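First up is the structure itself, then whatever we jot down about it.
The values are calculated or read from the model by the stated rules, or taken from the named source; none is laboratory data. All values derive from a computational prediction rather than experimental measurement. Cβ placement follows ideal geometry from the backbone for every residue including glycine, while neighbour counts extend to all protein chains displayed. Quick note on the areas: whole protein, heavy atoms, side chains included, nothing else; ligands and nucleic acids left out. Shrake-Rupley method; radii C 1.70, N 1.55, O 1.52, S 1.80 Å.
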Amino acid sequence: MTREKTDFLVGLFVLLGAIALVFLALRAGNMSSFSFAPTYQVQAYFDNLGGLKVRAPIKSSGVVVGRVSGISFDNERFQAVVSLDLESKYEFPTDSSISILTSGLLGEQYIGITPGGEDKMLAQGNTVQYTQSAVVLEELISKFLYSSASSQD
């Protein structure tokens, strides 16, 4: 094998390794499904977000319809505010409900939308009224332990 051919193969191998590292970084950062589709943003208030993160998927019937674009805290309502970017091709009624769900027992958290029956659709800047906070495993365990301890008395 000539030196030029060996150098070419080593360079190709390094390039493939770099592409694999970029792919893994995008997957770890939950950005591999980055979309440039037009979106509209709505807000939702929650008492507890659990482990919800920015860029978490928003799903309806198992289909990803958007991403979480921001998480902040409202000092007047003392609740977490989640900004949701929904793809424009998916429309939901204004009385839709939003829940924070978990993939599997200890998997990542995502937003689930259950469509309502209203004729008017959500639009840019609307606030979703019906929300359900995340179920926190530690709270469930402590409630179970507390109730079982009080029932033994």
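Just how many pairs of Lys in the chain have C-alpha atoms closer than 26 Å, counting pairs that are eight or more places apart or on different chains?
On the way: 53/89; 53/143; 59/89; 59/120; 89/120.
Going through the chain pair by pair, I get 5.
Ignoring ligands, DNA and RNA, please state the percent of accessible area on the chain from carbon and sulfur, probe 1.4 Å. Please report the intermediate quantities before stating the final value.
On the way: 6190 of 10440 Å².
Whole-percent figure for carbon plus sulfur exposure: 59.
Report, please, the projected area of the range 69-138 averaged over directions, based on the convex hull of its C-alpha atoms, in nm².
Working: hull surface 23.7 nm².
Taking a quarter of the hull surface, the average projection is 5.9 nm².
Extension gain residue 7-residue 151, at 0.36 nm per residue separation less the Cα-Cα distance, in nm?
Values: separation 144, 0.36 × 144 = 51.84 nm, distance 7.44 nm.
So the extension gain works out to 44.4 nm.
List every residue whose amide H lies under 5 Å from the amide H of residue 50, counting only residues 5 or more places away in sequence or on a different chain, with H placed 1.01 Å from N in the peptide plane.
Sorted by chain and number, the residues that satisfy this are 134.
If you roll a 1.4 Å probe over the heavy atoms of the protein chains, what accessible area per residue do you get for the range 39-153, in Å²?
Solvent-accessible surface per residue comes out at 60 Å².
Can you tell me how the range 97-153 classifies by the Cα gyration tensor, rounded, prolate or oblate, using a/c under 1.5 as the rounded cut? Mind dumping the intermediate values first?
On the way: a/c = 3.94, a/b = 2.38, b/c = 1.66.
Prolate, because a/c is 1.5 or more and a/b exceeds b/c.
So if each residue of separation counts as 0.36 nm, and I subtract the Cα-Cα distance between residue 15 and residue 120, what length gain in nm does that give? Don't skip to the end; give the middle numbers.
Details: separation 105, 0.36 × 105 = 37.80 nm, distance 5.13 nm.
32.7 nm is the gain from fully extending residue 15 to residue 120.
Rounded to whole Å and ordered largest first, report the semi-axes of the equivalent ellipsoid of the chain derived from its Cα gyration tensor (root of 5λ). Before the final figure, lay out the partial values.
Numbers: eigenvalues 323, 127, 34 Å².
Each semi-axis is √(5λ); the values are 40, 25, 13 Å.
Please name which of 84, 43, 56 has its Cα lying farthest along the dipole of the chain towards the positive end, using unit charges on Cβ (Lys, Arg +1; Asp, Glu -1) and the Cα centre as origin.
56
Go ahead and estimate [θ] at 222 nm for the chain from helices alone: -39,500 (n - 2.57) per DSSP H run with n ≥ 4, summed, over the residue count, rounded to 500.
On the way: 2 runs with 41 residues, N = 153.
After summing the helix terms and dividing by residue count, I get -9500 deg cm²/dmol.
Rounded to the nearest 5, what % of DSSP beta bridges with both residues in the range 15-143 are antiparallel? Walk me through the numbers on the way to the answer.
On the way: 27 of 34 bridges.
Bridges in the range 15-143 are about 80 percent antiparallel.
For the range 130-150 and the range 51-66, write down the distance between their C-alpha centroids in whole Å.
24
Give me, ordered by chain and number, the residues 5 or more places off residue 60 or on other chains with an amide H under 5 Å from its own placed amide H.
Sorted by chain and number, the residues that satisfy this are 65, 113.
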